[in-house]
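Input: a single structure, listed below in structure tokens.
No value in this document is a laboratory result; all are computed from the given coordinates. These numbers come from a predicted model, not from an experiment. Here Cβ is always computed from backbone atoms with ideal geometry, including for glycine, and neighbour counts include all displayed protein chains.
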Amino acid sequence: MNLFDHFHARVITIIDDLVRDGLLPEGIDTSRIAVEPPREASHGDVTTNAAMLLAKPAGKKPRDIAEPLAERLKTLDFVVDTAIAGPGFINLTLDTSFWAERLREVLNANTDYGTSGIGANEPVNVEYVSANPTGPLHVGHGRGAVFGDALASLLEKAGFDVTREYYINDAGAQIETLARSLHLRYREALGENIGDIPEGLYPGDYLIPAGQKLADVEGDKWKDAPEELWLEPISIFAISAMMELIRDDLAALGIVQSVFTSERELVGNGGVEKALDSLQERGLIYEGVLEPPKGRKPDDWEPRQQTLFRSADFGDDTDRPVKKSDGSWTYFATDMAYHADKYRRGFNTMIDVLGADHGGYVKRMTSAVKALTEGKGDLDCKLCQMVNLMDDGVAVKMSKRAGTFVTMRDVIDQVGKDVVRFIMLTRKNDAQLDFDLAKVTEQSRDNPVFYVQYAHARIHSVLRHSAELFSAGELSGEALAGAPLDRLQDSSELGLIKLMASWPRMVEGAALAHEPHRIAFYLGELATEFHSLWNKGKDDTSLRFILEDDRDLTLARLALVKGVAFVIASGLQVIGVVPLEEMR
């Protein structure tokens, strides 16, 4: 249960009653009323801005609305007090029995706690990684991969029908460069001394196995053949080899995408023509001349006739070319076709996870989706900023295997996938991230992934020790839900339950905002509250979890920590991290 939605519904019901009683005007707008946690715990458990939002349209002072509203809120089940604060906020304080019921919900739901139906099974396409298939994934790709995968899981937990997709950019000059690079490694596999890799080709060692495989399959068929004969078949072979490499890298990070869409196939099947023809019929494709860039006029700029899309009509800064001077499609045109294809497949809601260097892409692509879907489709582009990879404060050098960058696989092999996944979500996606190989593996409070995992492991240590006093059946979630939870009266215990009870709201809010980093932040806060209660028990023996002379209170506290473990595990599942029961 999202307790804030629960009380929001009751606030709206009471406002309807006030309208019927003539205390508020008919038809008053309640759509912006919020019911949420107060900023400070001393202000109660739930707060609403209803009186302030209704005052102006009602022609009343906020307190004139707050007073009758607060009086009626006080009659609700579990509400022990209401108070009017500041300009008209109404703060509600809830009975401890309400929090006992929330803990029972956690225990009965296990890690399903927080699962929501707000998505109503709406199809959502989350496209992420989509790196050019020219080599292994680098650390920056890893951030986008984790962000996209965690966002997909978060949306699923909130009740959306999610498709995880990878767009293969397998057309264009970079693929020809890849084919030439692979042909060189192929000749090397056949025994030729190729010397230094020529500038402009891909130098990484990752092409050596692919070159050997090509030699094993084709023998010397392409060794001395002219380029025009081998360029296309070796391009296809290279794309397949690189996508196999990329899939392996993603699997090492715990990522499996269900759909891989090929740009080459999309273009070859007339996807661009189909998309642009629909725009042409509506007068949105035309032949014209663009103005020079605002504020500057490059020396090589000259006015020329181009095939343009009326992007500016849909929120872009300028119209955009869809054809190059040689008559081939621009990257923008093929991207338009790809998003039109997503829409045809049933996705009104699309999310693209992109690198920070795609910032200029956002306006033009969102304008294209508006045009292609006639306003019915929605595209949210999430930009992931750079990752600064360090080792104890020193920048990490490039990988020999990749040739020009540090591979994601190198980092996974060094610190493990769970560490990579968690740390990649410790900053909002549009903020730069420092990833220090030494810091992310140290066992300290400053390491967020350790601190959260340590909380989960500590709880399981408590449960193992409690097995000396209770049977396994007594320690199940369902059994502990029947414990005398009213014995939990300490402010720290109640604070921990209140934080757990906010998990459903956290899931829904983070999902609707497309912000999975909120989950990592929440888990850090929950772990901090648990460790704080643990430390209190060290100083005050009456607050310890296991009290051999008080069976009922012990069961209640075991229920509390079991609930914390369920919520931590629920959150870690969303971000794709395995919760640990022991720290080694």
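Excluding same-chain neighbours fewer than eight residues apart, the lysines reachable from Lys223 by a Cα-Cα span under 16 Å are Lys213.
Can you put His465, His339 in order of Cβ neighbours within 10 angstrom, beginning with the fewest?
Taking fewest neighbouring Cβ atoms as first place, the list is His465, His339.
With a simple spin-label model that places each label point 7 Å from the Cα along the Cα-to-Cβ direction, the separation between Glu218 and Asp81 comes to 8.0 nm. Between the helical axis of 96-109 and the longest alpha-carbon principal axis of the chain there is an angle of about 40 degrees. For the chain, the share of DSSP beta bridges that are antiparallel, to the nearest 5, is 45%. Using the average count of surrounding beta-carbon atoms within 10 Å as a protection proxy, the listed peptides 120-126, 533-539, 559-565, 574-580 rank, highest first, as 559-565, 574-580, 120-126, 533-539.
Counting other Cβ atoms within 10 Å as a rough exposure proxy, the listed residues Lys56, Lys363, Lys324, Lys157 run Lys56, Lys324, Lys363, Lys157 from fewest neighbours to most.
For the pair Arg282 and Arg32, the difference between a 0.36 nm per residue extended length and the Cα-Cα distance amounts to 86.3 nm.
Considering only Cα-Cα distances, which of the following residue pairs are longer than 18 Å: Lys498/Lys562; Lys342/Lys376; Lys157/Lys562; Lys323/Lys382; Lys274/Lys342? Listed pairs above 18 Å: Lys157/Lys562; Lys323/Lys382. Taken along its principal axes, the alpha carbon cloud of region 3-94 reaches lengths of 34, 25, 21 Å, longest axis first. Against the main long axis of the alpha-carbon atoms of the chain, helix 173-189 sits at an angle near 70°. Over region 192-334, consider all pairs of different Cα atoms and compute the Kirkwood hydrodynamic radius from their mean reciprocal separation; express it in Å, one decimal. Computed over Cα pairs of region 192-334, the Kirkwood hydrodynamic radius comes out at 19.6 Å. Note on Thr13/Glu199: beta-carbon distance plugged into 1/(1 + (r/R0)^6) with R0 of 51 Å gives a FRET efficiency of 0.10. Relative contact order for the chain: what is it in percent, counting Cα pairs under 8 Å that are at least 6 residues apart? Computed over the chain, the figure is 17 percent. Counting 0.36 nm for each residue step from Gln174 to His358 and taking away their Cα separation leaves a gain of 64.5 nm. The order of the peptides 68-77, 379-388, 160-169 by mean Cβ neighbours within 10 Å, most packed first, is 160-169, 379-388, 68-77. Expressed as a whole percent, the proportion of Cα-Cα pairs in region 369-474 lying more than 25 Å apart is 46%. Can you give the log10 of the normalised intensity I(q)/I(0) at q = 0.11 Å⁻¹, computed with Debye over equal Cα scatterers of the chain? Per q value, in the given order, log10 I(q)/I(0) is -1.13.
Mind checking the angle between helix 227-252 and the chain's longest principal axis? C-alpha axes, 0 to 90 degrees, to the nearest 10. Tilt relative to the chain: about 20 degrees. What the Cβ-Cβ distance of Asp95 and Thr541 gives, at R0 = 30 Å and to the nearest 0.05, is a FRET efficiency of 0.60. When each of the peptides 214-224, 343-353, 364-374 is scored by the mean number of other C-beta atoms lying within 10 Å of its residues, the order from highest to lowest reads 364-374, 343-353, 214-224. Note that region 534-541 has calculated 3J(HN,Hα) couplings of 4, 5, 4, x, 5, 8, 10, 4 Hz, one per residue in order, obtained from phi through the Karplus relation 6.51 cos²θ - 1.76 cosθ + 1.60 (θ = phi - 60°); glycine and proline are x. For region 444-574, the fraction of C-alpha pairs farther apart than 25 angstrom is 24 percent.
Extension gain for Ala472 to Val289 (0.36 nm times residue separation, less C-alpha to C-alpha distance): 58.2 nm.
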